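Engineer: Mind having a look at this structure? Questions to follow.
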Amino acid sequence: MFDDILKSAVAQYGGPVPYWPSSPSANFEEVPDNQHNGDMHYWAVWHQQAPAEDYTKQFPRFMTEYGFQSFPEMRTIRAFANKPEDFDIHSTVMQAHQKNKGGNERILTYMLREYRQPKDFASFVYLSQVQQAEIIKIGAEHLRRQKPRVMGSLYWQLNDCWPVASWASIDYYGRWKALHYYARRFYDDLLVSPFSHDGKVDIYVVSDKLQPLAGTIHTRLLDFSGSVLLDQTKDIQITAQSSAIYLTLDKGDLTAKADPHRSFLVFDLEVAGKRVSRNLIFFDVMHTLELPVAPKIEATLSKTSGGYTITLRSTQLARGVNISFGDLDVESSDNYFDVLPGESVTVTLKSSATLDQLRSALKTMSLTEAYAAN
């Protein structure tokens, strides 16, 4: 059926549509789901509770499945849960809206490896989305760095058929989770992607562009209040359709300049004077870092000819900033981003709501605000 009948039918009637018999598959040349022939699925991260860093040990030709779960946002959850006792990962309704046995508990298990205990259910939901996005980012960026050996990856999954905790990056109602905003960054045509290993940080630039480009890597070592501990730039020539290391830093040299629990690295890739990609590196897992507690985020909403803008600013590092507007329908050009100390982030908004309604409903959340008090 798959090796002959369907293949022949596609060749006869569907040309030039390519045919691939299954997924994963080695096109019947050998045992499928391997690292050197055809496409591969990898689920040790999630199903076997392997650490997310194990993604960086995979070198397939095309990774067509890998994934991690999160909860949809609270507005979606309230469509199926309305009693106080419902808002618990062990409740009957939350277990009913989880179709992978032990999935809710697995989300929490992973969460406590990297983050601190969430202060309440809404904070758990927020952290679940940040965690999902960060974990899939590790896999997606690693696979892109391996170009041309690895020439593609598809995370599982895009969307949902009902409101549920799942691997999706868009929930049942079409609301973007953190992962979908992250995906637009880690799958962009140009990506700066630092990889920390073996006492060093290799800074890759990945390009899917068909033409070579001139660019600049701007590297900074900052503390969480914005003090600049290292600032350097390097001009580079980016080869078309490529992935390469353009800079390597020694972690020992960096930590000699800064407290590793109070500092971080920022890498900006600039082309023609414009920042096209940014990535951050921290020196330890999030729960050990002395991140600013509830950094004050100033938000300014303004009306424009095509909708609205919101500009956020903080004097301290604010990680994973989420902007939300309660039950109002608002489309954001970006969300779940880091606000660096002393820098501003401007996001465009589309909504039928008035400016006063948006200002009244606006809420911001950052990583440490989700933590329970020590």
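Engineer: Can you list the strands (runs of 3 or more DSSP E) found entirely within the range 324-368 that contain at least 3 residues being not hydrophobic (A, V, I, L, M, F, W, C)?
Structural biologist: Counting at least 3 such residues, we get 344-350.
Engineer: Something else: Just give me the residues in the range 156-190 being out of contact with any strand residue (DSSP E or B) (no Cβ under 8 Å at 6 or more places or on another chain), over 23 Å from residue 95 (Cβ atoms) and part of a loop (DSSP other than H, G, I, E, B), in sequence order.
Structural biologist: 174, 187
Engineer: May I pose another question? Please determine whether any residue of the range 35-47 is of a type in the set (A, V, I, L, M), out of contact with any strand residue (DSSP E or B) (no Cβ under 8 Å at 6 or more places or on another chain) and open to solvent by 20 Å² or more (accessible area, probe 1.4 Å).
Structural biologist: no
Engineer: Across the range 71-116, what is the total count of residues that are among the polar types (S, T, N, Q) and either in contact (Cβ under 8 Å) with a residue 12 or more places away in the chain or under 29 Å from residue 289 (Cα atoms) (or both)?
Structural biologist: Number of matching residues: 5.
Engineer: Additional query: Kindly indicate which of 336, 308, 371 is more than 30 Å from residue 221 (Cβ to Cβ) and open to solvent by less than 40 Å² (accessible area, probe 1.4 Å).
Structural biologist: Criteria check complete, one pass: 308.
Engineer: Determine if the range 226-248 includes at least one residue that is surrounded by 14 or more Cβ atoms within 10 Å (Cβ to Cβ), in contact with a Gly (Cβ under 8 Å, 6 or more places away or on another chain) and closer than 22 Å to residue 368 by Cβ.
Structural biologist: Yes, the range 226-248 contains a residue that is surrounded by 14 or more Cβ atoms within 10 Å (Cβ to Cβ), in contact with a Gly (Cβ under 8 Å, 6 or more places away or on another chain) and closer than 22 Å to residue 368 by Cβ.
Engineer: Being acidic (Asp, Glu), loosely packed, with under 14 Cβ neighbours inside 10 Å and at pLDDT 95 or above narrows it down to one residue among 259, 208; which is it?
Structural biologist: Answer to the selection: 259.
Engineer: Okay, next question. (1) assigned to a helix (DSSP H, G or I); (2) of a type in the set (Asp, Glu); (3) open to solvent by less than 50 Å² (accessible area, probe 1.4 Å): which one isn't true of residue 105, the others all being true?
Structural biologist: (3)
Engineer: Here are the criteria: (1) surrounded by 14 or more Cβ atoms within 10 Å (Cβ to Cβ); (2) touching a helix residue (DSSP H, G or I) at 6+ places or on another chain (Cβ under 7 Å). Tell me which single one residue 217 does not satisfy.
Structural biologist: With respect to (1) surrounded by 14 or more Cβ atoms within 10 Å (Cβ to Cβ); (2) touching a helix residue (DSSP H, G or I) at 6+ places or on another chain (Cβ under 7 Å), residue 217 is out only on (2).
Engineer: Has the range 238-250 got at least one residue that is under 29 Å from residue 335 (Cβ atoms) and aliphatic (A, V, I, L, M)?
Structural biologist: Yes, because at least one residue in the range 238-250 is under 29 Å from residue 335 (Cβ atoms) and aliphatic (A, V, I, L, M).
Engineer: Of these, 317, 301, which one is under 21 Å from the mean Cα position of the chain (by Cα), open to solvent by less than 50 Å² (accessible area, probe 1.4 Å) and among the aliphatic types (A, V, I, L, M)?
Structural biologist: Residue meeting the stated conditions: 317.
Engineer: Moving to a separate point now. Go through the range 203-245 and report how many residues are under 25 Å from residue 343 (Cβ atoms) and in a strand (DSSP E or B).
Structural biologist: 25
Engineer: Please verify whether residue 62 is open to solvent by 70 Å² or more (accessible area, probe 1.4 Å), in contact (Cβ under 8 Å) with a residue 24 or more places away in the chain and at negative phi, treating the condition exactly as stated.
Structural biologist: yes
Engineer: Hey, can you tell me all the residues within the range 78-99 that are loosely packed, with under 15 Cβ neighbours inside 10 Å and either touching a strand residue (DSSP E or B) at 6+ places or on another chain (Cβ under 7 Å) or part of a loop (DSSP other than H, G, I, E, B) (or both)?
Structural biologist: Answer for the range 78-99, where residues must be loosely packed, with under 15 Cβ neighbours inside 10 Å and either touching a strand residue (DSSP E or B) at 6+ places or on another chain (Cβ under 7 Å) or part of a loop (DSSP other than H, G, I, E, B) (or both): 78, 79, 82, 83, 90, 99.
Engineer: Here is a further query. Could you list all residues from the range 65-75 that are buried (at least 20 other Cβ atoms within 10 Å of the Cβ) and not in a strand (DSSP E or B)?
Structural biologist: 66, 67, 68, 69, 71, 72, 73 - these are the residues of the range 65-75 that are buried (at least 20 other Cβ atoms within 10 Å of the Cβ) and not in a strand (DSSP E or B).
Engineer: Exactly one of these conditions fails for residue 27: (1) out of contact with any Leu (no Cβ under 9 Å at 6 or more places or on another chain); (2) at pLDDT 95 or above. Give me its number.
Structural biologist: Going through the list (1) out of contact with any Leu (no Cβ under 9 Å at 6 or more places or on another chain); (2) at pLDDT 95 or above, residue 27 breaks only (2).
Engineer: If I ask for residues that are touching a Phe, Trp or Tyr at 6+ places or on another chain (Cβ under 6 Å), over 14 Å from residue 206 (Cα atoms) and either open to solvent by 20 Å² or more (accessible area, probe 1.4 Å) or charged (D, E, K, R) (or both), which ones from the range 138-154 would you list?
Structural biologist: If the condition is that a residue be touching a Phe, Trp or Tyr at 6+ places or on another chain (Cβ under 6 Å), over 14 Å from residue 206 (Cα atoms) and either open to solvent by 20 Å² or more (accessible area, probe 1.4 Å) or charged (D, E, K, R) (or both), then 138 is the only one that fits.
Engineer: Something else: Here are some residues: 187, 173. Which one is touching a helix residue (DSSP H, G or I) at 6+ places or on another chain (Cβ under 9 Å), closer than 30 Å to residue 244 by Cβ and surrounded by fewer than 17 Cβ atoms within 10 Å (Cβ to Cβ)?
Structural biologist: Exactly one of 187, 173 is touching a helix residue (DSSP H, G or I) at 6+ places or on another chain (Cβ under 9 Å), closer than 30 Å to residue 244 by Cβ and surrounded by fewer than 17 Cβ atoms within 10 Å (Cβ to Cβ), namely 187.
Engineer: Could you please let me know if residue 293 is in contact (Cβ under 8 Å) with a residue 40 or more places away in the chain, β-branched (Val, Ile, Thr) and more than 30 Å from residue 237 (Cβ to Cβ)?
Structural biologist: yes
Engineer: Name the pairs: first residue in the range 218-238 and under 16 Å from residue 283 (Cβ atoms), second residue loosely packed, with under 14 Cβ neighbours inside 10 Å, Cβ to Cβ under 7 Å, at least 6 apart or on different chains?
Structural biologist: If the second residue must be loosely packed, with under 14 Cβ neighbours inside 10 Å, the pairs left are 219/232; 220/228; 220/231; 221/257; 222/228; 229/257; 230/257.
The values are calculated or read from the model by the stated rules, or taken from the named source; none is laboratory data. All values derive from a computational prediction rather than experimental measurement. Reconstructed Cβ throughout: ideal geometry from the backbone, glycine too, with neighbour counts over all protein chains shown. The accessibility values were calculated without ligands, DNA or RNA, using every heavy atom of the protein model including side chains. Shrake-Rupley method; radii C 1.70, N 1.55, O 1.52, S 1.80 Å.
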